[in-house]
1. Ignoring solvent entirely, what values of log10 I(q)/I(0) come out of the Debye formula for the chain at 0.10, 0.15, 0.17 Å⁻¹ when each Cα is a single scatterer?
2. Straight-line reach from K29: which aspartates and glutamates have a Cα under 15 Å away, not including same-chain ones fewer than 8 places off?
3. Given the range 5-196, what percent of its DSSP beta bridges are antiparallel, to the nearest 5?
4. I'd like the distance separating the alpha-carbon centroids of the range 124-149 and the range 37-59, in whole Å.
5. Under a cut-off of 21 Å between alpha-carbon atoms, report the lysines in cross-link reach of K166, not counting same-chain residues fewer than 8 places apart.
6. At a 10 angstrom cut-off on C-beta neighbours, averaged per residue, how do the peptides 92-99, 111-118 rank from highest to lowest?
7. Contour minus end-to-end for Q16 and D92, with contour as 0.36 nm per residue of separation and end-to-end as the Cα-Cα distance?
8. So what is the diffusion coefficient of the range 145-189 in µm² per second by Stokes-Einstein at 20 °C and 1.002 mPa s, using a Kirkwood Rh over Cα pairs?
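What follows draws every value from the coordinates through simple rules; no lab data is involved. Values in this document were obtained by computation on a predicted structure and should not be read as measured data. Here the Cβ is made from the backbone with ideal geometry for all residues, glycine too, and neighbour counts use every protein chain on show.
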Amino acid sequence: MSVDSETLAVYGAQAQAYADLTEGLEADKHLAAFIAAMPPGARVLDLGCGPGRAAAQMADRAFVVDAVDAVPEMVDMAAAHPGVTAWQASFDEIGGVHIYDGIWANFSLLHAPRSELPGHLATLKTALKPGGLLHIGMKTGTGEARDTLGRLYTYVTGDELRGLLKSAGLAIGPSWTGRDTGLDGTAADWIVIHAHA
């Protein structure tokens, strides 16, 4: 599995608290930009979908939505949203060629080991249709560390993430940075990048 067992256990135990934390996703400007970039009837992948709030927003736009998460409690929550097809899978179980118009990888791959990021990004690029959009969000910094809840994070710099995306064959688009408080109550810096296949 690409995500360690302690991280999965934390998300399983904190599934409802995490769902509560993502309650205001309707106002997420990054999700709105991703949705606006999709063609009518787009097929999209929500990678590390959590409770499925983003997937639900996309399904409301009549997109064909595949939602995957490695945590069964999260998959159950995501599957409860109308129009969302959700199943349990880790990052290394994603495959397919030219399937998706868009992939929403919003602060999910930050739980993958750094050594596995190039392979995961190459797989996502292959799964995108030509010109398809990858949205990726990561916490910024260096190294790997566990938060106070025990979740393992891989931190990247903006330049490092751009380099990884370019190496995977993706064209770099706009990016955004910010700082927010997460599930563990700690503020952290982040970057979001849009890249195209």
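1. Debye output, listed in q order: -0.35, -0.87, -1.17.
2. Counting by Cα, and skipping residues close in sequence, K29 has these aspartates and glutamates nearby: D180.
3. Working: 19 of 39 bridges.
Given both bridge residues lie in the range 5-196, the antiparallel proportion sits at roughly 50 percent.
4. Going from one Cα centre to the other spans 16 Å.
5. Answer for K166, where 21 Å is the Cα cut-off: K125, K129, K139, listed by chain and number.
6. Averaged packing, sorted descending, gives the order 111-118, 92-99.
7. On the way: separation 76, 0.36 × 76 = 27.36 nm, distance 2.56 nm.
Gain on extension, Q16 to D92, equals 24.8 nm.
8. Working: Rh = 12.5 Å.
This corresponds to a translational diffusion coefficient of 171 µm²/s.
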